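Read through the structure below, which is laid out as structure tokens, and then see the notes.
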Amino acid sequence: MLNDDLNNSNLKNKIWKYAVKNAIDYGKASSGSVFGKVVKDYKDFPIKELNKIVNEIVEQINALSKVDLEKEYKKYEKEFEVYEMKKAEESKPKLFIEGAEKGKVITRFPPEPGGFIHIGNAKQGILSDEIAKIYNGKIYLYFDDTNPEKCKQEYVEAIKRDTAWLGIKFAKEYYASDFIEKIYDYGNRLIETGNAYACLCSKEKIKENRFNKIECMHRNQSAEENLRIFNDMLANKYDEGSVIIRLKVDMKSDNATMRDPTIFRIKKVPHYRQGTKYIVWPTYHINTLIVDALNGVTDVIKSKEYEIWDQLHKKLLKLMDLPIPRIHYEARLRIKGTTTAKRDMRKLLSEGLIKNWDDPRMVTIIALRRRGIEPAAIRAFVLRSGFSLTDSVSDMAALFAENKKIIDPIAKHLFFVSNSTEMETDYKGDAHIRVYPKNDVKFRDYKINKYILISKDDAAQLKEGDTLRLKDLIDVKITKINKINEAKESKETEQAITNFSISSIKSIEAEQINDAKGSKIIQWVPKDSCIKCKIIIPKELIDESGNFNKDSLETLEGFVESYAKNLNEHDIVQFERFGYCILDDKNSMQFIFISK
């Protein structure tokens, strides 16, 4: 495995193991990742020398063939399993909730049905679910649907499907719009007690006064006048935008959220659930507090940017004489190369830059499901960060690594060839190849009649006299490489010369030999029976500048072996030496690339 001095060193052996595990998880070992793990145990070791050793070993690991890498992994597999189990246990939320009692904890997941939920929303739902499980409590599904302009039944149904797929089992579900009458009652109480008032100022004036900490001219109206206006609002006697109900708090406060926020406004758009029954709608700041209290919610998870509203919400709950739940703040889940902001997603959709919410470049749950990401991988990915107030940007590679652990044992193995060229062999016979490398139950069987297809990328590295192994078929020696008449074209441009070795290959002739041990191993497909296919390759949707990446979706055409006809849509396969893919559309034989 290593030379003598490495074999005699515990340090170097540990680095070797870390590098093997890193390469298996991510397709290629990273010096930085390996160094970060080993330096914890060898803090007194000279940094420069340690870094040099890590780089040398990582280089050796990355030079191994996939077969040899898997052999190395096998040596430490049990040790890695113990490590993963320990890490999984450590990654679970370690929550102690002061005052919480087993069986008396109720959490909720509160999506607004104004779009499809994404992995950031899922984080809140999964963490809420974990709290409920830890304390033998319950989790509810609460639809915050008081904005009739955004909310739709299709989003309600999508959210229910997505949360069910994520494995979240709700004890019950309810809708803010079903509690409107009770919310009105609380609004009346706030007005009657002088804690809320009707404001008829323009939007511009309200914004100006709030900025300058100036009280509204309507702030000191009598409770009777405010109640009259509120009732007239309910009776449809005001136009939309002409009047709002504001909470009377503190216009001089340095916390802008305390400067008399809106708690009721008029919206005359028909509601997806209530129709035209209501035109006065509560804002998030009052309806969610009331609905949580009425349903006995004890613990609420919020993104930490809502912490600024904490002072206001506690004040409002006290004014309404409602219980204050325990609040758990966590950092928003941000992912490199994409967006979890629904306004950004809607903008991409409206501009036609993406077609649907399930675009595989997105991190909506429907898109991740379409791309072949398993719900258990999403849960593990979310729980790795757990409850943290530290802002950070996660990498999709971490999600793919969790997903690989799940799909690797179940993925069928197939061969895929792109940019193909023909190889003529002297072999006529059968191919009997395992569907799963470690399982003798299922096979892919083909009749080979001399001709196969290989990738031109592989062909370009061959010369006459070379030997290679056609994976799981035969070993061959290259006897002739036939080229097109490229003499003129190859001299015309520098680009033509660069591509000469690939573009000029017309076909290859080879003869079977007994042993090509140590030679290059390549995949292939039978020419007579292979099927044309294409692979959609999603890349980073958003570039480093925060703009849409116009090169974020690549399409690769090629051929897959005919066993693909046996696949069902959404089956996951591993195209050897290419990566994991999911069958997206069987009619067109379209796959979506998942990860290496």
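Structure values in brief
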{"read-out": "One residue from Ile47, Ile15 being modelled with pLDDT of 80 or more and either surrounded by fewer than 16 Cβ atoms within 10 Å (Cβ to Cβ) or under 19 Å from Tyr83 (Cα atoms) (or both)", "value": "Ile15"}
{"read-out": "Residue check, Glu240 exposed (fewer than 14 other Cβ atoms within 10 Å of the Cβ), part of a helix (DSSP H, G or I) and at pLDDT 95 or above", "value": "no"}
{"read-out": "Looking only at the range 584-596, and only at residues there that are more than 19 Å from Lys405 (Cβ to Cβ) and not basic (Lys, Arg), the one that is surrounded by the most Cβ atoms within 10 Å (Cβ to Cβ)", "value": "Phe591"}
{"read-out": "Among residues of the range 50-72, those that are touching a Lys or Arg at 6+ places or on another chain (Cβ under 8 Å) and modelled with pLDDT of 85 or more, counted", "value": "3"}
{"read-out": "Candidates Ser202, Ser222, filtered to the one that is without any contact (Cβ under 8 Å) to a residue 24 or more places away in the chain, of a type in the set (Gly, Ala, Ser), under 22 Å from His285 (Cα atoms) and loosely packed, with under 13 Cβ neighbours inside 10 Å", "value": "Ser202"}
{"read-out": "Unmet requirement for Thr390, which otherwise passes all of (1) over 25 Å from Leu141 (Cα atoms); (2) of a type in the set (Val, Ile, Thr); (3) crowded, with 18+ Cβ neighbours inside 10 Å", "value": "(3)"}
{"read-out": "Verdict on Arg246 being under 14 Å from Thr283 (Cβ atoms), touching a residue at least 40 places away in the same chain (Cβ under 8 Å) and in contact with a Lys or Arg (Cβ under 9 Å, 6 or more places away or on another chain)", "value": "yes"}
{"read-out": "Test result for Leu383, at pLDDT below 90, assigned to a helix (DSSP H, G or I) and on the phi < 0 side of the Ramachandran plot", "value": "yes"}
{"read-out": "Ile266 vs. criteria within 27 Å of Tyr306 (Cα to Cα), free of Cβ contacts under 8 Å to residues at least 40 places away in the same chain and either among the aliphatic types (A, V, I, L, M) or surrounded by 19 or more Cβ atoms within 10 Å (Cβ to Cβ) (or both)", "value": "yes"}
{"read-out": "Of all residues making up the range 552-565, the number that are part of a helix (DSSP H, G or I) and closer than 18 Å to Gly372 by Cβ", "value": "1"}
{"read-out": "Subset of the range 33-56 (residues that are part of a helix (DSSP H, G or I) and within 32 Å of the chain's Cα centre (by Cα))", "value": "Ser33, Val34, Phe35, Gly36, Lys37, Val38, Val54, Asn55"}
{"read-out": "Every residue from the range 420-436 that is within 23 Å of Val573 (Cβ to Cβ), surrounded by fewer than 18 Cβ atoms within 10 Å (Cβ to Cβ) and not aliphatic (A, V, I, L, M)", "value": "Asp430, His432, Arg434, Tyr436"}
{"read-out": "Among the candidates Ala397, Ala367, residue that is out of contact with any strand residue (DSSP E or B) (no Cβ under 7 Å at 6 or more places or on another chain), assigned to a helix (DSSP H, G or I), within 19 Å of Leu166 (Cα to Cα) and not assigned by TED's automatic domain parsing to the domain that holds Leu556", "value": "Ala367"}
{"read-out": "All positions within the range 390-437 that are under 30 Å from the mean Cα position of the chain (by Cα) and charged (D, E, K, R)", "value": "Asp391, Asp395, Glu402, Lys404, Lys405, Asp408, Lys412"}
{"read-out": "Tyr436, sole failed condition from (1) part of a helix (DSSP H, G or I); (2) touching a His at 6+ places or on another chain (Cβ under 9 Å)", "value": "(1)"}
{"read-out": "Selection count where residues are touching a residue at least 40 places away in the same chain (Cβ under 8 Å), assigned to a loop (DSSP other than H, G, I, E, B) and among the aliphatic types (A, V, I, L, M), scope the range 323-353", "value": "3"}
{"read-out": "Test: residue in the range 178-195 that is of a type outside the set (Val, Ile, Thr), within 25 Å of Asp232 (Cα to Cα), in contact with a Cys (Cβ under 9 Å, 6 or more places away or on another chain) and modelled with pLDDT of 95 or more", "value": "no"}
{"read-out": "Pairs, first over 14 Å from Ala376 (Cα atoms) and at pLDDT 95 or above in the range 404-415, second among the polar types (S, T, N, Q) and surrounded by 20 or more Cβ atoms within 10 Å (Cβ to Cβ), C-beta under 7 Å, six or more apart", "value": "Ala411/Gln574; His413/Gln574; Phe415/Gln523"}
{"read-out": "Residue within the range 575-583 that is farther than 15 Å from Val435 by Cα, loosely packed, with under 14 Cβ neighbours inside 10 Å and touching a residue at least 60 places away in the same chain (Cβ under 8 Å) present", "value": "no"}
{"read-out": "Residue under evaluation Gly120, criteria (1) touching a strand residue (DSSP E or B) at 6+ places or on another chain (Cβ under 9 Å); (2) closer than 17 Å to Ile365 by Cβ; (3) free of Cβ contacts under 8 Å to residues at least 24 places away in the same chain, criterion not met", "value": "(3)"}
{"read-out": "Residue selected from the range 505-553 under the condition among the polar types (S, T, N, Q) and crowded, with 17+ Cβ neighbours inside 10 Å, by the criterion farthest from Leu473 (Cα to Cα)", "value": "Asn549"}
{"read-out": "Residue selected from the range 136-149 under the condition of a type outside the set (A, V, I, L, M, F, W, C) and within 24 Å of the chain's Cα centre (by Cα), by the criterion nearest to Ile266 (Cα to Cα)", "value": "Asp144"}
{"read-out": "Whichever residue in the range 275-298 is in a loop (DSSP other than H, G, I, E, B) and among the polar types (S, T, N, Q) and, among such residues, is nearest to Ala171 (Cα to Cα)", "value": "Asn295"}
{"read-out": "Residue in the range 474-483 that is modelled with pLDDT of 50 or more, in a helix (DSSP H, G or I) and surrounded by 15 or more Cβ atoms within 10 Å (Cβ to Cβ) present", "value": "no"}
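Each row is one residue, and each column tells you yes or no for (1) farther than 30 Å from Gln153 by Cβ; (2) in a loop (DSSP other than H, G, I, E, B).
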| residue | (1), (2) |
| --- | --- |
| Gly187 | no, no |
| Gly194 | yes, yes |
| Ile206 | yes, no |
| Ile214 | yes, yes |
| Asn220 | yes, yes |
| Arg228 | yes, no |
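The values are calculated or read from the model by the stated rules, or taken from the named source; none is laboratory data. Computed from a predicted structure; not experimentally measured. With ideal geometry, Cβ positions are generated from the backbone for all residues, glycine too; neighbour counts draw on all protein chains shown.
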